[in-house]
Structures are given as structure tokens and as C-alpha cells.
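The structure under discussion appears below in the form of C-alpha cells.
Values quoted throughout were computed directly from the atomic coordinates according to the rules given, and no laboratory measurement underlies them. Model, not experiment: these values are computed from the prediction. No Cβ is skipped: glycine too gets one built from the backbone with ideal geometry, and neighbour counts run over all protein chains shown.
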């Protein structure tokens with residue numbers, strides 16, 4: 001049975017979410033502060049963590065907010081450190097969302113939220129995570145697009161497309177994690193130290209990449225813009 005860890009300081013949110021998740025067939029664990037969350041995470045190794053960013057200080061312990069917990073999870077050796085994380089927060093600032101995504105969160109659900117939406121988001125994240133983990137082929141084929149990860153060859157409608165190394169690296173990163181939003185800062189790391197701080201350079205590379213692989217660059221099918229964040233590979237095709 002798939003195990004979900006819910007970390008939130010509001011008992012009512014945990015109670016309602018637990019009911020919907022258990023009805024959907026998941027085992028549910030819970031914690032109400034950062035210290036308890038990390039203890040439960042390390043002991044029980046859940047399959048996914050639903051994590052509130054606004055956590056209270058732990059009783060008698062070190063104050064750990066949701067970003068601290070996310071950072072600690074990502075610093076855990078694999079495979080536990082690769083556990084999917086969905087952030088919950090009432091924070092509306094774009095900066096908080098971007099920081100969470102840069103720490104490796106897989107999705108973002110603002111409060112207040114529908115429990116049904118949370119279940120749907122969990123299913124979507126688990127689906128794409130499990131698909132990536134169980135992939136045995138070094139080839140990704142989505143519609144007319146084929147990416148050979150071993151040979152570094154990309155084809156559209158069986159015709160080979162000539163990508164630069166940077167364009168291929170960006171496409172590979174996005175396509176191997178369909179549906180996950182990457183910030184420009186995360187993607188610029190692929191370009192090397194010469195580009196640090198020049199996040200808009202990513203936009204130029206994405207524009208060139210789209211010109212080579214998209215049937216219609218005015219309505220991209222494969223590489224989608226996530227407004228206020230960055231880019232993602234379409235997981236709905």
C-alpha cells in the first residue's frame with residue numbers, strides 16, 4: 001500500500017485529508033511540526049510527503065519550517081531523498097513557490113484547497129514519478145517526438161533534428177520529469193558557470209528548442225511555460 005505523510009499544524013486539515021486519502025486507498029501518516037515530520041519520514045519512509053510550508057516551532061526543539069524539512073529530505077541519500085514532495089501553503093508570494101520548487105518540491109497546492117484536488121495532485125505526481133522510476137528504455141517517445149537518451153538524438157516525425165548540447169540537456173531534463181515545473185534558476189545550472197545569474201538565457205535556448213521540435217511555436221505542445229516559475233514538459237499527451 002502506498003504511504004502518504006501529511007505534515008501540517010492544523011489538525012482539521014490532517015483529519016479531512018486523511019479521510020479522502022484513505023478512501024482513495026492510501027495509508028496515511030501525519031506530523032504537526034518539522035521535527036516530528038523528519039522523525040516519521042526517516043522511520044517510515046513514506047512514498048510521498050504533503051508538506052505545509054508554515055510550520056510552528058517544535059515543542060522544546062529547533063524551529064523547522066516547511067522549507068527546512070524539504071531541504072532535509074532532499075539531502076537524504078537516495079532513494080529516500082528522491083521522495084516526491086507536494087507543498088501546501090497559504091503564502092501567495094511567487095518567491096516562496098519558487099524557493100520550494102528549487103529545493104526539489106514536485107508540486108504546489110495553495111490553501112485553501114479541495115481535498116479532491118489534493119488526491120488528484122498526489123495521483124498525478126506518483127504516476128509520473130513511478131513512470132520515471134520504472135522506465136527501462138533509454139528512449140522517450142511522445143507523439144511525433146522521439147528522444148534517444150543514449151545516442152543524444154532527437155527526431156520529429158522520424159526526421160532527425162539537430163540540437164545543440166545545451167538544447168538537448170534542457171529537453172532531456174524536462175522530458176524525463178514530465179509535468180514537473182522547473183525554475184529558470186534550476187535550468188540555468190545546466191548551462192555552466194558562464195551563465196550563472198543570466199536566467200533569461202534559458203528563455204533564448206527554449207525558444208530555439210521549440211523552433212526545432214514544436215509543430216506550432218505559438219502554441220507549444222511539448223515544452224510548456226509555467227507562468228511565474230519557468231518551464232515543464234507536457235504530461236497530458
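Using the reciprocal of the averaged 1/r over all distinct C-alpha pairs, how large is the Kirkwood radius of the chain in Å?
19.0
Suppose a student asked you for the relative contact order of the stretch 3-134, using Cα pairs under 8 Å spaced at least 6 residues apart; what percent would you report?
Averaging sequence separation for qualifying contacts and normalising by length gives 22 percent for the stretch 3-134.
Using the per-residue mean of other Cβ atoms lying within 10 Å as a proxy for protection, in what order, highest first, do the peptides 118-126, 145-153 fall?
Ranked by mean Cβ neighbours within 10 Å, highest first: 118-126, 145-153.
Could you give the angle, 0 to 90 degrees to the nearest 10, between helix 34-44's Cα long axis and the longest principal axis of the Cα atoms of the chain?
80
How large is Rg over Rh for the stretch 149-189, taking Rg from the Cα atoms and Rh as the Kirkwood inverse mean of 1/r across Cα pairs?
Here the Rg-to-Rh quotient is 1.00.
Any idea what angle helix 165-175 forms with the longest principal axis of the chain, computed on alpha-carbon atoms, 0 to 90 degrees, nearest 10?
Here the helix axis deviates by roughly 40 degrees.
When a/c is below 1.5 the answer is rounded, else prolate if a/b is larger than b/c, else oblate, so apply that to the stretch 3-134 with a ≥ b ≥ c taken from the square roots of the Cα gyration tensor eigenvalues.
Here the stretch 3-134 falls in the rounded category.
Report the convex hull volume per residue for the stretch 139-233, counting only C-alpha atoms, in Å³.
Value for the stretch 139-233: 92 Å³ per residue.
If you build a Gaussian network model of the chain, linking Cα atoms that sit under 10 Å apart, which residue out of 143, 179, 81 swings the most?
For the chain, modelled as a Gaussian network with Cα springs under 10 Å, the answer is 143.
How far, in degrees from 0 to 90, does helix 115-134 lean away from the longest principal axis of the Cα atoms of the chain, to the nearest 10?
50
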